[in-house]
1. Could you check region 1-60 and list, in sequence order, the residues that are surrounded by 11 or more Cβ atoms within 10 Å (Cβ to Cβ) and among the acidic types (Asp, Glu)?
2. Quick check: anything in region 49-60 among the small types (Gly, Ala, Ser) and outside any helix (DSSP H, G or I)?
3. Please name all residue pairs, on different chains or six or more residues apart, with Cβ atoms under 6 Å, provided the first residue is in region 22-51 and is touching a residue at least 60 places away in the same chain (Cβ under 8 Å) and the second residue is surrounded by 10 or more Cβ atoms within 10 Å (Cβ to Cβ).
4. Looking only at region 25-48, count every residue that is β-branched (Val, Ile, Thr) and either part of a helix (DSSP H, G or I) or in contact with a Pro (Cβ under 9 Å, 6 or more places away or on another chain) (or both) and tell me the total.
Amino acid sequence: MNTAQVITNIATDLKATEQSLDAAIAQATALVQTMINARNELNISAVVGADSQAKALEAIASLSAARQAMVACHEELAKDHRRMGYGVYAGAFDDKGQGRAPEQRLRAV
């Protein structure tokens, strides 16, 4: 396996992991919303189910921490990539969607 293939494998798994965490967070928040809507539809006191809702919110916080750790991993991998002199590589990340405006190198005079 050549260097490009190894880098592609890492990038593909990294992207899949980040997407999985995002999906898990979205699904868990949907669960909390469903729990709240169900309680309201059944006209049940907020006290009922408060503990289970709190546990679901704890899980969301844990998923968020895992996502932050994975983003930090991504940043460290990028540093390693540059340090090893592999240059720019975006095979698995054709559209990173990072939402950053392109850096302006010229200014209006």
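Readers should treat all values here as calculations from the given coordinates under stated rules, not as data from a laboratory. Because the structure is a prediction, the values reported are computed rather than measured. So basically every Cβ, Gly included, is an ideal-geometry build from the backbone, and we count neighbours across all protein chains shown.
1. Within region 1-60, Asp13, Glu18, Asp22 meet the criteria.
2. Scanning region 49-60, I find at least one residue that is among the small types (Gly, Ala, Ser) and outside any helix (DSSP H, G or I), so the answer is yes.
3. That search, which allows pairs on different chains as well, returns nothing.
4. Step one: filter region 25-48 for residues β-branched (Val, Ile, Thr), giving 25, 29, 32, 34, 36, 44, 47-48.
Still in the running and either part of a helix (DSSP H, G or I) or in contact with a Pro (Cβ under 9 Å, 6 or more places away or on another chain) (or both): 25, 29, 32, 34, 36.
Residues that pass the stated criteria total 5.
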